[in-house]
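J.: Have a look at this one before I ask anything.
The values are calculated or read from the model by the stated rules, or taken from the named source; none is laboratory data. This structure is a prediction, so every number in the text was calculated from the model and none was measured. Counting neighbours? That spans all protein chains shown, and the Cβs are built from the backbone with ideal geometry, glycine included. Remember, those area values only see protein heavy atoms, side chains included, never the ligands or the DNA or RNA. Shrake-Rupley method; radii C 1.70, N 1.55, O 1.52, S 1.80 Å.
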Amino acid sequence: MSRARLFVLRLVVAAMVVTLMGRLWFLQVVSGAQYVQAAADVRIRTVPVPPVRGQIVDVAGRPLVTNRTRPVVTVDAVALAHQPDGGRAVLERLGKVLRQPYKQIAEKVRLCGPQVPQPCWQGSPYEPIPVAEGVTVPVALQISERQQDFPGVRTELRPVRVYPFGAAAAHTLGYVQGAKGRDGLEGVYDGELAGRPGRKDVAVDNTGQVTRTLRQDPPVPGDTLVTSIDSRIQTIAEQALDRALEGSGGSSGAAVVMESKTGRVVALAGLPAYDPAVWTDGVTAREYKRLPLLSQSVQGEWAPGSTWKVASVAAAAQAGYGLGALYDCPSGYTVGNRVFRNFASADLGLMTMHGALVKSCDTIFYRLADQLWERGSEAMQETARRFGFGKPTGVDLPGEAAGAVPDAASKKAYWQATRKESCRRAVKGYPELADQGRAAYLTAIAKENCRGGGVWRGGDAANFSIGQGGVLVTPLQLARAYAAVANGGTLHSPRVGQKIVRPDGTTVRTITPPVAGKLPASAETLRFMRAALSQVPRKGTAEEAFDGFPFGKIAVAGKTGTAESFGRRDTSWFASFAPDPAYTVVVVLSEGGRGGEGAAPAARDIWEGILGLTERRTFGPESGSLRDQRGPSERDHPTQERR
C-alpha cells in the first residue's frame with residue numbers, strides 16, 4: 001500500500017474517531033439531561049389480571065353465584081384521558097350504539113377518589129372498565145370494526161358473575177364491583193373466591209400511555225364456597241315474605257331459617273331486594289341511590305314485642321319467681337302515674353307463666369319488671385345480654401347491626417347528649433311535621449327531657465319487659481336466641497359458609513359455627529318455655545294463623561309479637577322452632593300489623609313449604625326480583641306492646 005493511501009486511511013480513521021467522540025460528548029454532556037429525563041419518564045406499571053372467580057353454591061351444590069362468558073364492552077380510561085376532549089365524543093358515540101345516555105356511561109368509567117362519590121370505578125386505571133355486558137353480535141362488530149370512532153373501546157369475551165336465582169338472597173350473596181368493591185359473602189370470603197391474580201407489567205410513557213407489555217403471568221382460578229343455604233327453602237321464604245308484605249301492606253321485612261342445633265343458616269330473606277346482576281356492567285348514580293342495600297335480616301332493627309318475653313321469663317326465674325306459681329293478669333297495671341294495659345284491656349284472670357306466654361299477658365310482666373326496678377335490680381337487662389341481644393351475633397356477613405338493650409346508664413348518656421336539642425324543641429316544637437299529632441307527641445317528650453330526663457324509671461322497666469321502650473333486635477339475633485331455647489341453651493355464632501372447595505373438588509377447610517355462649521336458664525326453665533311455646537300456635541295468640549296445621553307431622557312452637565310504633569302501623573313478629581326438622585323460623589313485617597295476623601301466617605307458609613305440603617313456583621334467571629324498589633325501612637320508635 002502506498003504512503004498516500006495509508007495517510008488517507010489514517011485520516012479517515014482519525015476523522016471517524018473524532019466524530020464518534022464528538023457524538024458521545026454531545027449525547028452525554030450537551031443532551032445528557034434530556035435523555036435522563038426521557039428515561040425517567042418511562043415507568044413500569046403492574047396491572048393485575050383477574051382470575052376466574054370461584055362459585056358460590058347452596059348446600060346441595062346448586063349454583064347461587066356462578067360465571068358465564070359474555071361479550072363485554074370495556075373502556076380504557078387512560079386512552080380516553082388522552083383524547084382532546086377527555087373522551088367525551090367517544091363516549092357519546094358509544095352511548096348511541098349501546099342506547100345509553102352519555103352521563104350513564106361516564107359515571108361508570110370515572111375513577112374513584114376522595115372527592116368522587118359512588119358510583120365510580122374502584123379498580124386500576126390501567127384495567128379495562130366494563131360498561132356493558134351481554135351485547136348483541138351486531139353491536140360488538142360495529143364497535144370492533146370502527147376502531148377509528150372508538151379509540152380505547154374494546155369488545156371482548158369475559159367471565160361475568162351470574163345470579164341464577166335473581167333477587168333471592170341478594171343481600172347475603174353480595175356483589176363484586178371492580179377490583180375493590182365487595183359485599184356479602186363475596187366480600188367475607190373474597191380471599192378464597194378471588195383466586196390468585198395474574199400479573200401484567202406494562203411500560204407507560206410520561207403521558208400514561210401504554211407502550212408495550214414486558215411480562216405476563218397467568219392467574220389461578222378461585223375456590224368454590226359451599227354454603228348452608230338451601231335454595232329450595234330460600235325460595236319458599238322469599239315467596240312467603242313477599243305474599244305477607246303484599247297482604248299486610250307492610251313496607252319491609254325479613255325471614256330467617258336456621259338449624260337450631262348447629263347455628264347454620266338455611267335461608268335469609270329480606271325485602272326490599274334487588275337483582276345483584278345490576279353490578280355486572282356498573283351502576284349509575286341514579287341506580288345506586290335507588291338500590292335497597294340494607295340487609296333486613298342482618299342489619300334491620302325493630303322492637304321485638306312479645307317475642308322478647310322468653311328472656312323476661314328466664315330473668316324472672318333467675319330472680320326467684322316461680323314459673324308454676326299463679327299470677328294475676330288484670331286489664332291494666334299502674335306504674336307511677338301511668339296505667340300500662342293488656343291488648344284490648346283484656347282481664348285474663350289468674351295464670352302461671354305458662355299462660356302468660358300462651359295468652360301473651362303483658363300485665364304480669366309489667367308487675368315483675370316494676371318489682372325488680374324497685375329493688376334496684378337489672379336482672380332483665382343482664383339476662384337479655386346473655387341471650388345475645390345488644391351485640392352482633394358474629395355471623396359471617398358484613399355490617400351486622402348490634403340492636404339495643406337499654407338500661408339506666410344508656411338512658412342517661414342519651415339524655416345528656418340530646419338535652420340541648422330537647423330544650424330547643426321544647427320551645428320551638430316540630431313545625432316541619434305535617435302530622436300534628438306526632439308533632440305534639442314529640443314536643444311533649446322534648447319538654448319532659450328538657451326538664452329532667454335521663455332517669456330510668458319503673459315505666460322504662462315495664463316497657464323493657466315486653467320488648468318495647470328502646471329495645472331493638474335484628475331478625476337474626478332473635479332467631480339465634482330461639483334456636484338456643486330449642487336446642488337446650490347453646491348460643492351459636494351463625495355461619496352461612498359451610499366449606500371451601502378447590503376447583504379439583506378437594507376440601508380446603510370446613511367452616512363450623514362457633515359456640516358463643518349459654519343461655520342464663522336452667523334445663524327445667526327451658527323445658528317449661530318449650531312446653532308453653534308449643535301451645536301458642538294451638539291455643540294461644542297464633543291459633544287462628546295455624547288453624548288446621550298438621551302438628552302431627554311437625555310440632556311447631558312459637559311466639560307472636562306486636563310492637564307499637566308511634567305514627568306507624570305495628571311491627572309484626574313470629575318466632576318459632578320445631579324438633580324435626582330441627583329448624584328455627586323467624587319472620588318480621590315492618591308495619592305488618594299484629595303478630596298473629598301478619599308474621600305468623602307467613603311462618604306457617606314457610607313451615608308447610610319445608611315439609612312440601614304446598615307447591616311453590618321456583619325462582620330462576622327469568623323470575624326477576626321481588627319488590628325491587630320498596631324503600632328501606634326506618635327504625636321503629638316503640639311505645640307499648642299490644643299482643
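J.: Quick test for you: out of E107, E127, E133, pick the one residue that is touching a Cys at 6+ places or on another chain (Cβ under 8 Å), of a type outside the set (S, T, Y) and open to solvent by less than 70 Å² (accessible area, probe 1.4 Å). Before you say what the answer is, go through the steps one by one.
T.: Details: E127 fails: touching a Cys at 6+ places or on another chain (Cβ under 8 Å); E133 fails: touching a Cys at 6+ places or on another chain (Cβ under 8 Å).
From the options E107, E127, E133, the qualifying one is E107.
J.: Being in contact with a helix residue (DSSP H, G or I) (Cβ under 6 Å, 6 or more places away or on another chain), open to solvent by less than 30 Å² (accessible area, probe 1.4 Å) and under 16 Å from Q468 (Cα atoms) is the filter here, so list the residues in the range 565-588 that pass it.
T.: S572, W573, F574, V588
J.: Out of all the residues in the range 396-420, which are over 32 Å from the mean Cα position of the chain (by Cα) and more than 30 Å from A379 (Cβ to Cβ)?
T.: Scanning the range 396-420 gives a single hit, K420.
J.: Please enumerate the residues belonging to the range 146-170 that are β-branched (V, I, T) and open to solvent by 10 Å² or more (accessible area, probe 1.4 Å).
T.: Scanning the range 146-170 gives T155, V160, V162.
J.: Same structure, new question: Residue check: is A542 under 16 Å from G394 (Cβ atoms), touching a strand residue (DSSP E or B) at 6+ places or on another chain (Cβ under 6 Å), crowded, with 21+ Cβ neighbours inside 10 Å and in contact (Cβ under 8 Å) with a residue 40 or more places away in the chain? So that I can check it myself, show each step before the final result.
T.: Values: under 16 Å from G394 (Cβ atoms): no; touching a strand residue (DSSP E or B) at 6+ places or on another chain (Cβ under 6 Å): yes; crowded, with 21+ Cβ neighbours inside 10 Å: yes; in contact (Cβ under 8 Å) with a residue 40 or more places away in the chain: yes.
The answer is no for A542.
J.: So which residues in the range 284-322 are closer than 24 Å to G399 by Cα, buried (at least 24 other Cβ atoms within 10 Å of the Cβ), among the aliphatic types (A, V, I, L, M) and in contact with a helix residue (DSSP H, G or I) (Cβ under 7 Å, 6 or more places away or on another chain)?
T.: The answer is V298, and nothing else.
J.: Report yes if A446 is buried (at least 19 other Cβ atoms within 10 Å of the Cβ) and either on the phi > 0 side of the Ramachandran plot or in a helix (DSSP H, G or I) (or both), otherwise no.
T.: On the way: buried (at least 19 other Cβ atoms within 10 Å of the Cβ): yes; either on the phi > 0 side of the Ramachandran plot or in a helix (DSSP H, G or I) (or both): yes.
For A446, the condition - buried (at least 19 other Cβ atoms within 10 Å of the Cβ) and either on the phi > 0 side of the Ramachandran plot or in a helix (DSSP H, G or I) (or both) - is met.
J.: I've got another one for you. Somewhere in the range 93-106, is a residue aromatic (F, W, Y) and out of contact with any Leu (no Cβ under 8 Å at 6 or more places or on another chain)? Even if it seems obvious, please write down each step before you answer.
T.: Of the residues in the range 93-106, the ones aromatic (F, W, Y) are 102.
Okay, now just the ones that are also out of contact with any Leu (no Cβ under 8 Å at 6 or more places or on another chain), so none.
No, that holds for no residue.
J.: For G61, are the conditions met, namely being closer than 30 Å to Q498 by Cα, modelled with pLDDT of 85 or more and either out of contact with any Lys or Arg (no Cβ under 8 Å at 6 or more places or on another chain) or open to solvent by 80 Å² or more (accessible area, probe 1.4 Å) (or both)?
T.: On the way: closer than 30 Å to Q498 by Cα: yes; modelled with pLDDT of 85 or more: yes; either out of contact with any Lys or Arg (no Cβ under 8 Å at 6 or more places or on another chain) or open to solvent by 80 Å² or more (accessible area, probe 1.4 Å) (or both): yes.
In short, yes.
J.: Taking the range 374-422, which residues are assigned to a helix (DSSP H, G or I), open to solvent by less than 40 Å² (accessible area, probe 1.4 Å) and touching a residue at least 60 places away in the same chain (Cβ under 8 Å)?
T.: If the condition is that a residue be assigned to a helix (DSSP H, G or I), open to solvent by less than 40 Å² (accessible area, probe 1.4 Å) and touching a residue at least 60 places away in the same chain (Cβ under 8 Å), then A379, M380, Q381, T383, A384 are the ones that fit.
J.: If you go through the range 310-321 one residue at a time, do you hit one that is under 20 Å from G174 (Cβ atoms) and part of a helix (DSSP H, G or I)?
T.: Checking the range 310-321: not a single residue is under 20 Å from G174 (Cβ atoms) and part of a helix (DSSP H, G or I).
J.: Right, next: So V358 clears everything in (1) aliphatic (A, V, I, L, M); (2) on the phi < 0 side of the Ramachandran plot; (3) at pLDDT below 95 except one condition, right? Which one?
T.: The number of the failed condition is (3).
J.: Residue pairs, Cβ under 8 Å, 6 or more apart or interchain, first in the range 284-313 and touching a residue at least 60 places away in the same chain (Cβ under 8 Å), second among the basic types (K, R) and not in a loop (DSSP other than H, G, I, E, B). List them.
T.: Taking only residues 6 or more apart or on different chains, the pairs are T284/K103; T284/K108; S306/K559; T307/K559; K309/K559; V310/K559.
J.: Related question: Among the residues of the range 491-510, what is the count of those that are in contact (Cβ under 8 Å) with a residue 60 or more places away in the chain, of a type in the set (V, I, T) and open to solvent by 10 Å² or more (accessible area, probe 1.4 Å)?
T.: First pass over the range 491-510, keeping only residues in contact (Cβ under 8 Å) with a residue 60 or more places away in the chain: 491-503, 508.
With the extra rule that they be of a type in the set (V, I, T), the set shrinks to 496, 500-501, 508.
Next, from what is left, pick out any that are open to solvent by 10 Å² or more (accessible area, probe 1.4 Å): 501, 508.
Qualifying residue count, the range 491-510: 2.
J.: Still on this model: What residue, among those in the range 236-294 that are part of a helix (DSSP H, G or I) and small (G, A, S), is nearest to G174 (Cα to Cα)? Talk me through it step by step, then tell me what you get.
T.: Pass one, the range 236-294, residues part of a helix (DSSP H, G or I): 236-248, 276-279, 285-290.
Now restrict to residues that are small (G, A, S): 237, 240, 244, 247-248, 277, 285.
Numbers: A237: 18, A240: 22, A244: 24, G247: 28, S248: 28, A277: 10, A285: 19 Å.
It comes out as A277.
J.: Also: Could you grab the pairs with beta carbons closer than 6 Å, sequence gap of 6+ or different chains, first residue in the range 425-440 and closer than 21 Å to W415 by Cβ and aliphatic (A, V, I, L, M), second one assigned to a helix (DSSP H, G or I) and open to solvent by 50 Å² or more (accessible area, probe 1.4 Å)?
T.: Between residues of the range 425-440 that are closer than 21 Å to W415 by Cβ and aliphatic (A, V, I, L, M) and residues that are assigned to a helix (DSSP H, G or I) and open to solvent by 50 Å² or more (accessible area, probe 1.4 Å), the close pairs are A426/K447.
J.: Restricting to strands (runs of 3 or more DSSP E) lying wholly in the range 557-614: which have 2 or more residues that are over 19 Å from E238 (Cα atoms) and free of Cβ contacts under 8 Å to residues at least 24 places away in the same chain? Show your work before the answer.
T.: Values: elements: 557-565, 568-577, 583-590.
Here the list is empty.
J.: Would you pick out the residues in the range 246-273 that are under 18 Å from the mean Cα position of the chain (by Cα), among the hydroxyl-bearing types (S, T, Y) and open to solvent by less than 10 Å² (accessible area, probe 1.4 Å)? Don't jump to the end; show me each part of the working.
T.: Here is the first cut: in the range 246-273, the ones under 18 Å from the mean Cα position of the chain (by Cα) are 251-258, 264-273.
From the residues that got through so far, the ones that are among the hydroxyl-bearing types (S, T, Y) too are 251-252.
S252 - this is the single residue of the range 246-273 that is under 18 Å from the mean Cα position of the chain (by Cα), among the hydroxyl-bearing types (S, T, Y) and open to solvent by less than 10 Å² (accessible area, probe 1.4 Å).
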